[in-house]
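The values are calculated or read from the model by the stated rules, or taken from the named source; none is laboratory data. Bear in mind the structure is a predicted one, so any value in this text is a computation, not a measurement. Surface accessibility is based on the protein's heavy atoms, side chains included, excluding ligands, DNA and RNA. Shrake-Rupley method; radii C 1.70, N 1.55, O 1.52, S 1.80 Å.
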Amino acid sequence: MEYFSRRHDRRKPRGRLRAAELIPDDDAAAPVPEIAWMLERGYLDAIDGELKSGKEATVYLGRTRAGLAAVKVYRDLTVRSFKNDARYRAGRYVGDARIEKAITKRTATGRRAQGRLWAGHEYAMLWRLHRAGVPVPEPLIGPDPSDIGDAGEVVLMRYVGDESGPAPRLADVPLAPDDAHRAFAEAVDALATMWRAGIVHGDYSTYNLLWWRNAVVVIDLPQAVETDHREARALLARDAASLCATFRTHGIEAAPERVLRSVFGDA
Ligand SMILES: Nc1ncnc2c1ncn2[C@@H]1O[C@H](COP(=O)(O)OP(=O)(O)OP(=O)(O)O)[C@@H](O)[C@H]1O
Ligand SMILES: [Mg+2]
């Protein structure tokens with residue numbers, strides 16, 4: 001608990017960061033166990049607060065020797081989950097019938113196992129895309145699978161943002177027409193580079209694209225599939241359609257078919 005008391009000395013984060021809600025004043029209170037483990041193991045030097053709580057994961061802001069980090073913890077998973085869609089899981093190897101059953105039944109063990117699978121898969125995707133030159137947050141653990149396995153249900157990656165707050169999602173930020181065109185072109189480019197790297201995002205829209213220093217950053221990859229997955233083309237088509245639909249609020253009128261043509265390189 002030494003780490004938690006140390007952070008009381010730190011300057012209070014501003015804006016959306018709510019350290020007080022995460023770090024109990026009473027040092028004896030139980031912190032998020034996955035975070036405590038990362039602090040103990042030295043993956044994190046300190047934790048500043050919660051950034052976002054989503055459907056499947058909570059994202060915290062942490063500090064590491066390498067700089068600020070986003071700490072995505074898969075926990076408290078809800079019962080009905082889009083990413084639990086059989087479409088994504090089709091053909092994904094779990095390798096243990098008991099775990100498979102626990103996941104299907106969504107027992108506590110099953111939810112943890114599911115969280116580990118998602119985190120492990122998100123790491124694998126982040127490493128591949130980072131190396132392929134797709135703008136994703138740099139993963140801070142791995143690529144050795146045993147290091148990733150140790151990290152459990154937590155994905156540690158570079159934080160996109162600065163001390164005053166995280167990068168906004170493209171869904172939340174107003175864009176001047178020039179910026180909107182550039183952002184759209186970058187998003188299509190990233191989709192194409194992902195395809196060439198053998199990956200389909202599977203949940204591609206302005207809700208999973210950050211806008212930072214006039215550039216697009218792709219996030220949220222646990223549901224990504226390989227291009228040889230039997231649903232890959234259907235998921236890519238859906239990604240192209242959601243991308244176009246969500247860019248409409250930025251004044252971009254684009255046809256998903258054109259996006260697909262430029263992904264396949266025959267635009
Ligand atoms: N590396 C990062 N840097 C800054 N902010 C991040 C980072 N990763 C995630 N976030 C923030 O946390 C939010 C949730 O992350 P993500 O989309 O990966 O998880 P999720 O569980 O799918 O959440 P949701 O259900 O909201 O989509 C993002 O919308 C973004 O605002
Ligand atoms: Mg998301």
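Some values worked out for this structure:
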{"quantity": "Karplus-derived 3J(HN,Hα), 6.51/-1.76/1.60, for each residue of the stretch 206-215, Hz, glycine and proline x", "calculated": "5, 6, 10, 10, 9, 10, 9, 6, 6, 9"}
{"quantity": "Amide H contacts under 5 Å for Asp48, placed H, 5+ residues apart", "calculated": "Leu61, Gly62, Arg63"}
{"quantity": "Whole-percent carbon and sulfur share, accessible surface of the stretch 177-263, 1.4 Å", "calculated": "49 percent"}
{"quantity": "The stretch 177-263, accessible area per residue, ligands and nucleic acids excluded (1.4 Å, Å²)", "calculated": "43 Å²"}
{"quantity": "Solvent-accessible area of Val263 with every protein chain in place, 1.4 Å probe, in Å² to the nearest 10", "calculated": "10 Å²"}
{"quantity": "Karplus-derived 3J(HN,Hα), 6.51/-1.76/1.60, for each residue of the stretch 255-261, Hz, glycine and proline x", "calculated": "8, x, 4, 5, 4, 4, 4"}
{"quantity": "Å² of accessible area per residue within the stretch 90-145, as computed with a 1.4 Å probe and no ligands counted", "calculated": "54 Å²"}
{"quantity": "Phi-based couplings in Hz for the stretch 122-138 (Karplus 6.51, -1.76, 1.60; Gly and Pro marked x)", "calculated": "5, 4, 4, 5, 4, 4, 5, 6, 4, 6, 7, x, 7, x, 10, x, 5"}
{"quantity": "Long-range HN-HN contacts of Ile199 with modeled amide H, under 5 Å", "calculated": "Thr227"}
{"quantity": "Column: log10 I(q)/I(0), Debye, Cα scatterers of the stretch 105-203, q = 0.10, 0.22, 0.25 Å⁻¹", "calculated": "-0.37, -1.20, -1.28"}
